[in-house]
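Enquirer: Structure below; questions to follow.
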Amino acid sequence: MEKLLKDLLMSDGISGYEENVANIMTNALSRVCANVETDNFGNVIGRTGKGKKKIMIAAHMDEIGMVVKNITETGYIYFIKVGGINDSILPGKIVEIINKKGEHITGIIGAKPPHLMTAEEAKQPIKYTNMFIDIGRSSKEEVLKVLDVGDQIIFEPSAGVLNGDFCYGKAADNRISCYAMTKIMATLSQLKNLDAEVYACATTQEEVGLKGGKTSSFKLNPDFALIIDTNTAGDMPGIEEKVSALKLGGGVAITMIEASGRGTIVSQKVRKLMVDTAKKNKIPYQIDIIDGGMTDGAVVYTNRNGILTGILSIPTRYVHAPTSVFNMKDINAAVDLAVKTIEKAAKEL
């Protein structure tokens, strides 16, 4: 696994706490962009190229996680969730609490064991409000020596290769797209006939309201925007193809509609441009129709007086879990299609 991809997957950066990921993205984009800046909202924006058109690429940096809410007198830690986390995945998970010094404190998410539950309690799913984190300290005083209320909590960092092109990692949503965006910008920076300014935006706080995409697109006001994100693959037990037909290794997904229309509805013009480009260049692709969830595209394409927006999604298994699985072939397809789409958009949109 390439170092940049591994660094992004292993880094900490829940919504509103993206500074370490932002540093990685700043360094990576600085190698391939004419200039890189960080705006007031924490978005990292790199620019390459010159021309009449202004094109924006966006991939969000933040991951789901938690924040320390309360410390009991006996040294246990209560937390709030940041982003969409299913409570059922939490008990027993290893987490890391990152203090103000940047130190990582290991903890275990605990809950009442089934042996001690009443019959009625055993019938009910455990809510996160009844869970706590154990860091092996016996008092509030001991805990306060190493962390404080407001510190971010991430799932145990992981990244690696499962087999061949199949890889895994924490925060694949959406660090694999941040990685892809750096590759896209590296390729675009070498093109001599691209008549466009292209801006790579590593956005913040997507998981809690698509906030960085809204502010950065308002600032740039591009002629065309291309969002790179992940979406849930359906090639696993328990998921019918009618729910999700996306497969790992099947190519990048061209998203046409999100959240049953509550999110982005990609224009016919942009849909045709992206599908035609994939076919012409023999880039493997899948069609993605989403009835739940949305990307930064939902706030970008409705910004100002409307912005033409396309969405490429990288199929991913176990999204919004401590560890996800993805395929490098799909990332490479996303890079190839993004580059070709931007070249075509600069001429035709």
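The values are calculated or read from the model by the stated rules, or taken from the named source; none is laboratory data. A quick note: this is a predicted structure, and the numbers were derived from the prediction, not measured. Because the Cβ atoms are built from the backbone with ideal geometry, glycine has one as well, and the counts that use them run over all protein chains shown. We work out accessible area using only protein heavy atoms, side chains counted, and drop any ligands, DNA or RNA first. Shrake-Rupley method; radii C 1.70, N 1.55, O 1.52, S 1.80 Å.
Enquirer: Give me the Debye-computed log₁₀ of I(q)/I(0) at q = 0.12, 0.17, 0.18 Å⁻¹ for the range 190-282, equal point scatterers on Cα only, no solvent, two decimals.
Expert: Computed log10 I(q)/I(0) values: -0.54, -1.05, -1.16.
Enquirer: Could you work out how far apart the two model spin labels at T74 and T38 are, taking each label as a point 7 Å from the Cα in the direction of the beta carbon, and quote it in nm?
Expert: 4.1 nm
Enquirer: Per residue, how much accessible surface does the range 262-339 expose to a 1.4 Å probe? Answer in Å², no decimals.
Expert: Details: 3290 Å² over 78 residues.
Each residue of the range 262-339 exposes 42 Å² on average to a 1.4 Å probe.
Enquirer: Considering every pair of different Cα atoms, what Kirkwood radius, in Å, is found for the range 26-138?
Expert: Its Kirkwood hydrodynamic radius stands at 17.8 Å.
Enquirer: If you don't mind, there's one more thing I want to ask. Out of every Cα-Cα pair in the range 161-212, what percent are more than 19 Å apart?
Expert: Every Cα pair in the range 161-212 considered, those over 19 Å come to 47 percent.
Enquirer: Another question, if that's okay. Which values of log₁₀ I(q)/I(0), to two decimal places, follow from the Debye formula for the range 84-154 at q = 0.19, 0.21 Å⁻¹ with a uniform point scatterer at every Cα?
Expert: -0.83, -0.95
Enquirer: Please list, in chain and number order, the residues 5+ apart from H320 or on another chain whose amide H is under 5 Å from its amide H, with Hs placed from the backbone.
Expert: Distant-sequence amide H within range of H320: D173.
Enquirer: Given the pairs K53/K214; K211/K279; K6/K53, which span a C-alpha to C-alpha distance of over 29 angstrom in this model?
Expert: K211/K279; K6/K53
Enquirer: I would also like to ask the following. Considering every pair of different Cα atoms, what Kirkwood radius, in Å, is found for the range 64-111?
Expert: 11.7 Å
Enquirer: Could I ask something else about it? Before rounding to the nearest 500, sum -39500 (n - 2.57) across all DSSP H runs of length at least 4 in the chain and divide by the residue total; then give [θ] at 222 nm in deg cm²/dmol.
Expert: The helix-only estimate for the chain comes to -8000 deg cm²/dmol at 222 nm.
Enquirer: Still on this model: Give me the angle, in degrees from 0 to 90, between the Cα long axis of helix 328-348 and the longest principal axis of the Cα atoms of the chain, rounded to the nearest 10.
Expert: The helix 328-348 is inclined about 40 degrees to the chain.
Enquirer: Percent of alpha carbon pairs in the chain separated by more than 37 Å?
Expert: 20 percent
Enquirer: Leaving ligands, DNA and RNA out of it, report the carbon-plus-sulfur percent of the accessible area of the chain at a 1.4 Å probe.
Expert: On the way: 7850 of 15500 Å².
Carbon plus sulfur share of accessible area: 51 percent.
Enquirer: Any idea what the alpha-carbon Rg over 2.2 N^0.38 Å comes to for the range 89-246?
Expert: So the range 89-246 has a normalised radius of gyration of 1.43.
Enquirer: Could you tell me the center-to-center distance, by alpha carbons, between the range 231-257 and the range 66-132 in angstrom?
Expert: 31 Å
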